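Taking it in order: structure first as structure tokens, then the write-up.
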Number of protein chains: 2
Amino acid sequence: MNQTAPATFAEIRGLLSDLPGPDLKAGGAATAREALLTKPPGALGRLEELAHWLAAWQGRHPPRVERPYVAVFAGNHGIAARGVSAYPADVTKQMVRNFIDGGAAVNQLSALAEADLRVYELALDEPTRDFTQAPAMEEEDCARAIAYGMMAVEAGIDLLCLGEMGIGNTTSAAAICLALFGGAAADWAGRGTGIDDARLSRKTALIEAAVAKHRPAMTDPLEVLRCLGGFELAAILGAILAARLARSPVVLDGYACGAAAALVHALDGHGLDHCVVAHKSVEPGHARLLERIGQRPLLDLDMRLGEASGAVLAIPLLKAACACHSGMATFAEAGVSGPA
Amino acid sequence: MNQTAPATFAEIRGLLSDLPGPDLKAGGAATAREALLTKPPGALGRLEELAHWLAAWQGRHPPRVERPYVAVFAGNHGIAARGVSAYPADVTKQMVRNFIDGGAAVNQLSALAEADLRVYELALDEPTRDFTQAPAMEEEDCARAIAYGMMAVEAGIDLLCLGEMGIGNTTSAAAICLALFGGAAADWAGRGTGIDDARLSRKTALIEAAVAKHRPAMTDPLEVLRCLGGFELAAILGAILAARLARSPVVLDGYACGAAAALVHALDGHGLDHCVVAHKSVEPGHARLLERIGQRPLLDLDMRLGEASGAVLAIPLLKAACACHSGMATFAEAGVSGPA
């Protein structure tokens, strides 16, 4: 990350005013080569699109996925004290230890995908405030978390997978979605780690109350983040922006990660053009969110774990897209006839 | 393959009478371990189911995917001379050469998945008969192709990916589906390699005529195969049966492969219990077929290439299922709290 870390929302908005677009030359080289490869046009479907998209956002042809990087941001949420999760808030820190020790799902998936995994803790002993009572964060703390997320994006990462850990953060995600997209709280509240009907009712009511309370203060997406978000979600927003500036394509994980991404989309309708959504979560709000931000997930495997697990599971698909694009013979090379 | 190669349909029916079931002990060990792993119950969705399914059909716990094998069967179809494909029939042989030379999509995908790929040619210079005029095959030739497919399944394969190459074979697949499932020919006919409206109309009419012509002769699924199928589809049917006998879980590719699998399902409603469907093809008949045989595909990436490409693309998902199942820490090992 070559940018100076932003310290205020005004500075973050400044970064947004100058987001780079895709490299049309590299993207064009990919589409030109595609037409020559030994298969019916379009027969590899989304693998073809992924290869072109990677070329355009890596700014090179052929595209390559050799240094995938996985960043998992962990934060704690004041709302967790209200009984919105099946697990106690201590589990955030315990799972961070599990990530470091190599025992979580994302560790196994990262090893398989030959991806570097790093976990970023955001003041786990200082949760955000219970957002039914007060804004979750002060602007300064929120901006610091965004800047921390930006720092995770080093030069030379050819694919960045983003994910989170934070007990209570699907409640935060649902509140963000309700604030951004409207509808009913029940449209956005889900069972998260697996809560029962009673907890789901409580969670839904808290989400509705929180959005109603902060409505006047939430003048733009960054204010939505400050009032309803969490440190790890702010960091993901920062990482998405930094990846755009560094021309690293991004793979987004599930619902909480998606809510952070939706904030970027609300700030700039093209702000997620360098991102692909790895999978559709079981959490029902996620499919609604993806529809609103115009993203079609790559996988739909009934997952709802977070911790970047879905994003990392998609890495082999992106590697496959590159392998086919680069390695396949052309019709001329292979002596294969074209259409009759 | 320890079985004696069957030479008649009666001998093939004999094999079907004694198909082994899943190993309930290995499957049970998988579900027992699953409950201990550091994630909310069910949070890895279909990855969990895949791990249990692999354990049950490999007959061991933990399941492993270390020796995946890809078998691509190639055959030629008399119906191809009727202009049902965008490509000339010569392309079957040319693509087999491309597979051997390493230039096709499935080569790149197999290399990435560290899978052994082998291509099986079935008398490419002797296509099946045009099935609008006569049964595609004699019983003897059809049984020989089934036996040839069975021979592809060696001992010790821990995952078998099946696919095909054969210009004209989506016409054959559609005819098989119309014969098995009914409906209209238009429900099962698709654009295959990418045919235009005029060719699609011709293809649809030929499928309808063929099924009408052979209706009285098609007394059971093997007769459907003989009248409307192709050598590579017969071989896939054989490979599915041999894998069941050898306790190798199978990954099925797209529409043509699916039609061969549907014949197994018609012969025995549990005949595909050791198979998973890798992806949903663009070919519209494929989704209908999957519904009829009760299979939910793992991927939906708008692919329609065949040559086992979708099946091989799913290998990393199965490896991921094994990696999470075997490698994750338990709650006790990691010191992570359970539900509050």
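Descriptive notes on the structure:
- Index of the failed condition, residue A:72 passing every other in (1) at pLDDT below 95; (2) more than 28 Å from residue B:279 (Cα to Cα): (1)
Residues checked against (1) aromatic (Phe, Trp, Tyr); (2) surrounded by fewer than 24 Cβ atoms within 10 Å (Cβ to Cβ); (3) not in a loop (DSSP other than H, G, I, E, B):
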| residue | (1), (2), (3) |
| --- | --- |
| A:95 | no, no, yes |
| A:114 | no, yes, no |
| A:163 | no, no, yes |
| A:177 | no, no, yes |
| A:208 | no, yes, yes |
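- Evaluation of residue B:100 against (1) outside any helix (DSSP H, G or I); (2) within 11 Å of another protein chain (Cβ to nearest Cβ); (3) touching a strand residue (DSSP E or B) at 6+ places or on another chain (Cβ under 9 Å); (4) among the hydrophobic types (A, V, I, L, M, F, W, C) (one fails), failing number: (1)
- Within the range B:22-44, tally of residues that are within 13 Å of chain A (Cβ to nearest Cβ) and surrounded by fewer than 19 Cβ atoms within 10 Å (Cβ to Cβ): 4
- Exactly one residue out of B:32, B:43, B:80, B:71 is of a type outside the set (D, E, K, R), within 30 Å of residue A:302 (Cβ to Cβ) and part of a helix (DSSP H, G or I): that is B:32.
- Residue match in the range B:71-79 (condition: among the small types (Gly, Ala, Ser), within 14 Å of another protein chain (Cβ to nearest Cβ) and in contact (Cβ under 8 Å) with a residue 40 or more places away in the chain): yes
- In the range B:283-317, the residues that are among the acidic types (Asp, Glu) and away from chain A (no Cβ under 11 Å): B:291
- Against the numbered list (1) touching a residue at least 40 places away in the same chain (Cβ under 8 Å); (2) surrounded by 24 or more Cβ atoms within 10 Å (Cβ to Cβ), residue A:277 comes up short only at (1).
- Within the range B:15-54, being closer than 14 Å to residue B:244 by Cα and without any contact (Cβ under 8 Å) to a residue 40 or more places away in the chain holds for B:17, B:18.
- Residues located in the range A:45-69, provided they are within 14 Å of chain B (Cβ to nearest Cβ) and touching a helix residue (DSSP H, G or I) at 6+ places or on another chain (Cβ under 6 Å): A:47, A:48, A:50, A:51, A:52, A:62, A:63, A:64, A:65, A:68
- Candidate set: the range A:318-335, residues that are more than 7 Å from every other protein chain (Cβ to nearest Cβ) and surrounded by fewer than 24 Cβ atoms within 10 Å (Cβ to Cβ); chosen: the one nearest to residue A:70 (Cα to Cα): A:326
- Residue identified as within 14 Å of chain B (Cβ to nearest Cβ) and either in contact with a strand residue (DSSP E or B) (Cβ under 9 Å, 6 or more places away or on another chain) or farther than 23 Å from residue A:248 by Cβ (or both) among A:149, A:183, A:190, A:230: A:190
- Residue list for the range B:233-272, restricted to those being charged (D, E, K, R), in contact with an Asp or Glu (Cβ under 8 Å, 6 or more places away or on another chain) and over 18 Å from residue B:68 (Cα atoms): none
- Candidate set from the range A:103-140 (those that are of a type in the set (S, T, N, Q) and over 19 Å from the mean Cα position of the chain (by Cα)); member that is farthest from the other protein chains (Cβ to nearest Cβ): A:133
- Subset of the range A:240-261 that is among the small types (Gly, Ala, Ser) and within 9 Å of the chain's Cα centre (by Cα) - its residue that is farthest from residue A:117 (Cα to Cα): A:259
- Residue B:155 vs. criteria under 21 Å from the mean Cα position of the chain (by Cα) and modelled with pLDDT under 95: yes
- A count restricted to the range B:179-198 and to residues that are assigned to a loop (DSSP other than H, G, I, E, B) and either over 22 Å from residue B:223 (Cα atoms) or under 20 Å from the mean Cα position of the chain (by Cα) (or both) stands at 8.
- Looking across the range A:116-161, not a single residue is free of Cβ contacts under 8 Å to residues at least 40 places away in the same chain and crowded, with 22+ Cβ neighbours inside 10 Å.
- Residue B:164 within 25 Å of residue B:8 (Cβ to Cβ) and at pLDDT below 95: no
- Just so you know, in the range B:84-97 the residues that are at the interface with chain A (Cβ under 8 Å from one of its Cβ atoms) and not aliphatic (A, V, I, L, M) include one that is nearest to residue B:227 (Cα to Cα), and it is B:85.
- A single member of A:49, A:66 is in a loop (DSSP other than H, G, I, E, B), among the charged types (D, E, K, R), modelled with pLDDT of 95 or more and out of contact with any Phe, Trp or Tyr (no Cβ under 9 Å at 6 or more places or on another chain), and it is A:66.
The values are calculated or read from the model by the stated rules, or taken from the named source; none is laboratory data. Because the structure is predicted, anything quoted here is derived from the model rather than measured. Heads up, the Cβs are rebuilt from the backbone with ideal geometry, glycines too, and the neighbour counts pull from every protein chain shown.
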